[in-house]
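Peer 1: This is the structure, below, for whatever I ask next.
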Ligand SMILES: [Zn+2]
């Protein structure tokens, strides 16, 4: 009995430390919210409203009204119901979400708002903090050179696990290279991390996401973009 409990405890703690709760906002068309609204802004869009909420740890839910172009952010939802106003839409975090992860930039800079939003989405999906170790920089990488790539690590999740989890999720539908840099000399890079590069600065290309492993075998030693094999 004690042994079983111990195993359960170890498994349980392991699950908590390795896998954070998915804290992304879920869409609920025509859902009506009652609660503590801490911010109201006008003249935005549904997408902008959702991103404002996604990146704010206080924000548990949001409602956007298309005719009024009004965006309400909620720190607490006390009550929900269905509205007949088709012009409004709400998004909510899962109830057991402990709060979204943060993106920590340090002194690193990106030139793509879409990429910055995607990093926040990763943090929310992982329920963990994303650390940007490099963004805009001089050098041979064409995407880093224009601020459309980020080298990231995720707190409490090793990079290979993160790559696998993201690949099997719906976080990336297209427009990105998502590359895992393995440890060791077969990788071009020092330090294990994920390299996330966006094809276009903001717009969508319609091209699928290219999932790449680097430095795990002889065949994928130190890859250039033209030699990358999308998995
Ligand atoms: Zn990189």
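Peer 1: Given the options 35, 81, 174, state which has the largest fluctuation in a GNM of the chain using a 10 Å cut-off (strictly under) for Cα springs.
Peer 2: 81
Peer 1: Expressed in whole Å with the largest first, what are the equivalent ellipsoid semi-axes of the range 26-92 derived from the C-alpha gyration tensor as the square root of 5 times each eigenvalue? Please list the in-between numbers first.
Peer 2: Details: eigenvalues 48, 42, 19 Å².
Semi-axis lengths for the range 26-92 are 15, 15, 10 Å.
Peer 1: Here's a follow-up. Rounded to whole Å and sorted largest first, what semi-axes of the equivalent ellipsoid does the C-alpha gyration tensor of the range 109-217 yield via the square root of 5 times each eigenvalue?
Peer 2: Working: eigenvalues 70, 58, 38 Å².
The equivalent ellipsoid of the range 109-217 has semi-axes of 19, 17, 14 Å.
Peer 1: Could you sort 127-135, 220-228 so that the peptide with the highest average Cβ count within 10 Å comes first and the rest follow in order? Don't skip to the answer; put the middle values down first.
Peer 2: Values: 127-135: 20.8, 220-228: 13.6.
Packing order, densest peptide first, comes out as 127-135, 220-228.
Peer 1: Of 22, 151, 39, which has the largest mean-square fluctuation in a 10 Å C-alpha GNM of the chain?
Peer 2: For the chain, modelled as a Gaussian network with Cα springs under 10 Å, the answer is 39.
Peer 1: Given the range 36-134, what whole percent of its Cα pairs are spread farther than 25 Å? Don't jump to the answer; show the numbers that get you there.
Peer 2: Working: 1168 of 4851 pairs.
Looking at the range 36-134, the distances longer than 25 Å represent 24 percent of pairs.
Peer 1: Now a separate question. Measuring from label point to label point, each 7 Å out along Cα→Cβ, what is the residue 113 to residue 47 span in nm?
Peer 2: Output for this residue pair reads 0.9 nm.
Peer 1: Need one number: nm distance between label points at residue 58 and residue 87, each 7 Å from Cα along Cα→Cβ, rounded to one decimal.
Peer 2: 2.8 nm
Peer 1: Determine the principal axes of the Cα atoms in the chain, then give the extent along each, sorted from largest to smallest and rounded to whole angstroms.
Peer 2: Reported extents, whole Å, longest axis first: 59, 57, 31.
Peer 1: Another one. Below 8 Å, C-alpha to C-alpha, sequence gap of six or more: please give me the relative contact order for the range 26-92 in percent.
Peer 2: Values: 153 pairs, mean separation 33.6, N = 67.
It comes to 50 percent, rounded to a whole number.
Peer 1: Still on this structure, please answer the following. Below 8 Å between Cα atoms, with a sequence gap of 6+, how large is the relative contact order for the chain in percent?
Peer 2: Details: 500 pairs, mean separation 35.9, N = 231.
In percent, rounded to a whole number, it is 16.
Peer 1: Which length gain, in nm to one decimal place, applies between residue 169 and residue 67 when the Cα-Cα distance is subtracted from 0.36 nm times their residue separation? Could the numbers behind the result be given before it?
Peer 2: On the way: separation 102, 0.36 × 102 = 36.72 nm, distance 3.29 nm.
Separation in residues times 0.36 nm, less the Cα-Cα distance, equals 33.4 nm.
Peer 1: Could you check which residue among 62, 51, 179 shows the biggest mean-square fluctuation in a GNM of the chain with a 10 Å Cα cutoff?
Peer 2: 51
Peer 1: What is the distance in Å between the Cα centroid of the range 47-118 and that of the range 134-192?
Peer 2: With the range 47-118 and the range 134-192 each reduced to a Cα centre, they are spaced 25 Å.
Peer 1: Roughly speaking, what is the stretch gain from residue 36 to residue 146, that is 0.36 nm per residue apart minus the C-alpha to C-alpha distance, in nm to one decimal? Can you show the working numbers first?
Peer 2: Numbers: separation 110, 0.36 × 110 = 39.60 nm, distance 4.09 nm.
Between residue 36 and residue 146, full extension yields 35.5 nm more.
Peer 1: Roughly speaking, what is the stretch gain from residue 217 to residue 78, that is 0.36 nm per residue apart minus the C-alpha to C-alpha distance, in nm to one decimal? Let's see the in-between values first.
Peer 2: Numbers: separation 139, 0.36 × 139 = 50.04 nm, distance 5.28 nm.
Taking residue 217 through residue 78 to full extension adds about 44.8 nm, to one decimal.
Just so you know, all these numbers are worked out from the coordinates, no wet-lab data involved. Values in this document were obtained by computation on a predicted structure and should not be read as measured data. Backbone-built Cβ (ideal geometry, glycine too); neighbour counts: all protein chains shown.
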